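So the structure is just underneath, and the comments pick up after that.
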Amino acid sequence: MRNFAKILSGAVALAALAPSLAMAQDAPTLESLAANDAFVFNTLLFLIGGFLVMWMAAGFAMLEAGFVRTKNVSMQCLKNISLYSVAGLMFWIIGYNLMYGGTPNFFGAWDFTGYKFAVEDVDTGYASYSDWFFQMVFCATTASIVSGTVAERIKFWPFIIFVVFLTGMIYPIVGSWEWGGGFLDSKFGFSDFAGSTLVHSTGGWAALVGAIILGPRLGKYVDGKVNPIPGSNMPLATLGVFILWLGWFGFNGASQLAMGTISDADAIAKIFVNTNMAAVAGVIVAVIFTQLRYGKIDLTMALNGALAGLVAITAEPLTPNVPFALLIGGIGSLLACLTVPLLDKLKIDDVVGAIPVHLVAGIFGTMIVPLTNGDATYGGQFMGVLATAVFVSAISAVIWFALKLTIGLRVSEEDEYVGLDQAEMGVPSYPEFVNS
């Protein structure tokens, strides 16, 4: 009887342990847990970085609203929310497939069927929805660069048509050359971490060509003299720069493309610091330069100095140490400051200073990458800058000229004098000062 009791108690114990043993057999391995964690953190990085870059659209809108005159503020706000929407649509219809279609030829992989989100699998490393969103907001940023340069004299609809081509074709093709495994990546070893050239110079070249074809604002250049045209709201412009500065942490930080390991997290932290310090140097250099050059400090130059520093560090925010990040941001800012009077001599009217900031500082930031990144070469970087310049300028010129010869680019002199808020919208931002 005593033996039977022992056997019975043993059976009960085994029965109690059975579920635990089964669960132990079905428990995930450490490798699968790590893969799941990496998937979650990588996806989270794309989403957080994406909404920070999306917030940059608000920064561009506020910066431009502050830099234009009161009679054109509503139009700039309309252009910015519209271009963001158009970019989202075009990047889904064709842009993403063109940029990441897996065909490493000059014109990417043409596919008008719209992006099809993948069935998720841990092995992919991230959710496809998150990747598309992160890449889309970069596309919209490129269009925002053009908006400010051609402000106050371009018609709304021709501008939007240009944005359709820029976001649906021009930017995705340029991006495919490097980030889509195209010829700049495979043949020249071109390196552009977050897009000093692929995003910022692309927008800068398109803006430069547009400004030349469109011509300057009325009264900007008269009898060989440059007549400054002050913006409407410097506090608003300053807010815009702070928003852009914040968004840039997503722009550069999430371009690490992974946050599932300690080394990735450490890299992102370093990118944040370098990004911030480059902007810091940009402001300080612009403040000192304008004080020494003009005898007074120029707030607009200080604001654009911050942005120029950010653009310059964007090509390689990971490999520099802090002193090099300060140097890169400071030189980018100085070059932008020097470009402003050069554009005036050439009678190229850039309302917000996007060409000095995004084009000039973008080229510098791209060319300086080999200084801190031994995997890049100056020859490869030059090929990336040159290919982008030739392609974007040529295609942009064709589109701008086609629009000019068909539906027209520029508003009438009367409409420009009245302001685009009244002439094209009928919704002034500041009704009390509509003709100021």
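The values are calculated or read from the model by the stated rules, or taken from the named source; none is laboratory data. The model shown is predicted, which means the values in this text are computed figures rather than measured ones. Every residue, glycine among them, receives a Cβ derived from its backbone with ideal geometry; neighbour counts consider all protein chains shown.
Listed values, structure above:
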read-out: Helices (runs of 4 or more DSSP H) contained entirely in the stretch 350-433, each with at least 3 residues that are aromatic (Phe, Trp, Tyr) and either within 19 Å of Gly203 (Cβ to Cβ) or under 23 Å from the mean Cα position of the chain (by Cα) (or both); value: 378-405
read-out: In the stretch 394-429, residue modelled with the highest pLDDT [restricted to those that are buried (at least 16 other Cβ atoms within 10 Å of the Cβ) and among the hydroxyl-bearing types (Ser, Thr, Tyr)]; value: Ser396
read-out: Residues that are within 20 Å of Ile93 (Cβ to Cβ) and at pLDDT below 75, drawn from the stretch 116-148; value: Lys116, Phe117, Ala118
read-out: Search result, residues across the stretch 204-225 that are touching a residue at least 60 places away in the same chain (Cβ under 8 Å) and either part of a helix (DSSP H, G or I) or farther than 30 Å from Val390 by Cβ (or both); value: Gly204, Trp205, Ala206, Ala207, Leu208, Val209, Gly210, Ala211, Ile212, Ile213, Leu214, Leu218
read-out: Residue count for the stretch 71-103, restricted to those that are of a type in the set (Ser, Thr, Tyr), part of a helix (DSSP H, G or I) and modelled with pLDDT under 95; value: 2
read-out: Unique match (being among the hydroxyl-bearing types (Ser, Thr, Tyr) and farther than 24 Å from Arg69 by Cα) among Ser196, Ser232; value: Ser196
read-out: Flag for Lys220 being within 19 Å of Asp344 (Cβ to Cβ) and in contact with an Asp or Glu (Cβ under 6 Å, 6 or more places away or on another chain); value: yes
